[in-house]
1. Is it true that some residue in region 217-239 is over 17 Å from L19 (Cβ atoms), surrounded by 15 or more Cβ atoms within 10 Å (Cβ to Cβ), in contact with a Lys or Arg (Cβ under 7 Å, 6 or more places away or on another chain) and not aromatic (F, W, Y)?
2. Enumerate the pairs (first residue in region 25-46 and under 22 Å from I4 (Cβ atoms); second residue anywhere and of a type in the set (K, R) and exposed (fewer than 14 other Cβ atoms within 10 Å of the Cβ)) with beta-carbon separation below 7 Å, excluding pairs fewer than 6 apart on the same chain, so at least 6 apart or on different chains.
3. So Y156 passes all but one of these: (1) away from the ligand (no atom under 14 Å from the Cβ); (2) part of a loop (DSSP other than H, G, I, E, B); (3) more than 20 Å from L93 (Cα to Cα). Which condition number does it fail?
4. Here is a check on your reading of the model: is A161 buried (at least 23 other Cβ atoms within 10 Å of the Cβ), under 18 Å from the mean Cα position of the chain (by Cα) and more than 15 Å from the ligand (Cβ to nearest atom)?
5. Taking region 83-118 only, how many residues are within 23 Å of I4 (Cα to Cα), in contact with a Gly (Cβ under 8 Å, 6 or more places away or on another chain) and free of Cβ contacts under 8 Å to residues at least 60 places away in the same chain?
6. Check whether at least one residue in region 117-140 is on the phi > 0 side of the Ramachandran plot, assigned to a loop (DSSP other than H, G, I, E, B) and within 16 Å of the ligand (Cβ to nearest atom), and report yes or no.
7. Quick check on region 112-134. Is at least one of its residues more than 20 Å from N81 (Cα to Cα), of a type in the set (G, A, S) and either in contact with a Pro (Cβ under 8 Å, 6 or more places away or on another chain) or modelled with pLDDT under 95 (or both)?
8. With the requirement that a residue be surrounded by fewer than 21 Cβ atoms within 10 Å (Cβ to Cβ) and within 16 Å of the ligand (Cβ to nearest atom), what does region 185-198 give you?
Amino acid sequence: MTNIYNNILQSKANDEKLLAILLDPDKIDLKNVETLIEKINLSPATHIFIGGSLVESKILDELVILLKEYIDLPIILFPGNPSQISAHADGILFLSLISGRNPDYLIEHQVNAVPILNQMDLEVISTGYMLIESGTETAVERVSKTKPLDRNNIEYAVHTAQAGEMLGNKFIYLEAGSGAKQAVPLEMIKKVAQNIEIPLIVGGGIIDLWGIQNAYDFGADLVVIGTAFENDVNFFNNIELASRLRSI
Ligand code: 1GP
């Protein structure tokens, strides 16, 4: 039941960096899923995240089943709300938006998700989710009706992450927002990483190898790539990029 998280802890202990490809079911055409699967299998990804802020898609179950059949990576749900849960996945990031002050995203959706999760065998991984200001309004901000944290107030971000850890979260996820203009500041990644023990996920607005490498160098344990791969399934084709990531 707890393989995904234990494996991530093991990777962290071995200083092996991890990479998740984020797939938004709303943006996937099942007709093209074969190519998608082929590209994922050629990529250096270690995990698949599935979800988005809005997901209205009816294909979630079908997509997860297909991915599970052809891809040998943990499939982890990254839901915007309880309607985005599939029993066919391996695990779920049980997110609490600790940067915000909207009770719906701190506890209400989580309570509503419990009867659904009780009927499933997903590995539930509690995650302190922190939205960081990134230049323009992002979907997470719009949908959750919460303010992101000031990107220059590193001390407050560190305290928020530490509070998340003290509350018992198993991950801290620093999120600039999908398609963000500016990724999470490297200095913030560094200070948060230095002040928590649990694994640190970083995502949003990372669009090239250097962004990935920098996030790792400053302390991210797992980097999430969504838009860059969505816009170009050949994103990881660059052999140099893939091999460099593998050797990290
Ligand atoms: C969003 O962190 C993820 O939740 C990924 O963001 O789409 O900008 O890569 P991008």
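The values are calculated or read from the model by the stated rules, or taken from the named source; none is laboratory data. Values in this document were obtained by computation on a predicted structure and should not be read as measured data. Counting neighbours? That spans all protein chains shown, and the Cβs are built from the backbone with ideal geometry, glycine included.
1. Checked against the condition, which is being over 17 Å from L19 (Cβ atoms), surrounded by 15 or more Cβ atoms within 10 Å (Cβ to Cβ), in contact with a Lys or Arg (Cβ under 7 Å, 6 or more places away or on another chain) and not aromatic (F, W, Y), region 217-239 yields no hits at all.
2. Listed by first residue and then by second, the contacts come to P44/R246.
3. Of (1) away from the ligand (no atom under 14 Å from the Cβ); (2) part of a loop (DSSP other than H, G, I, E, B); (3) more than 20 Å from L93 (Cα to Cα), only one is false for Y156: (2).
4. Considered against the rule, which asks whether it is buried (at least 23 other Cβ atoms within 10 Å of the Cβ), under 18 Å from the mean Cα position of the chain (by Cα) and more than 15 Å from the ligand (Cβ to nearest atom), A161 comes out as yes.
5. Qualifying residue count for the region: 1.
6. Among the residues of region 117-140, at least one is on the phi > 0 side of the Ramachandran plot, assigned to a loop (DSSP other than H, G, I, E, B) and within 16 Å of the ligand (Cβ to nearest atom), which makes the answer yes.
7. Within region 112-134, the first condition is being more than 20 Å from N81 (Cα to Cα), and the residues that meet it are 133-134.
Next cut, of a type in the set (G, A, S) only: 134.
Filter once more, keeping what is either in contact with a Pro (Cβ under 8 Å, 6 or more places away or on another chain) or modelled with pLDDT under 95 (or both): 134.
Among the residues of region 112-134, at least one is more than 20 Å from N81 (Cα to Cα), of a type in the set (G, A, S) and either in contact with a Pro (Cβ under 8 Å, 6 or more places away or on another chain) or modelled with pLDDT under 95 (or both), which makes the answer yes.
8. P185, L186
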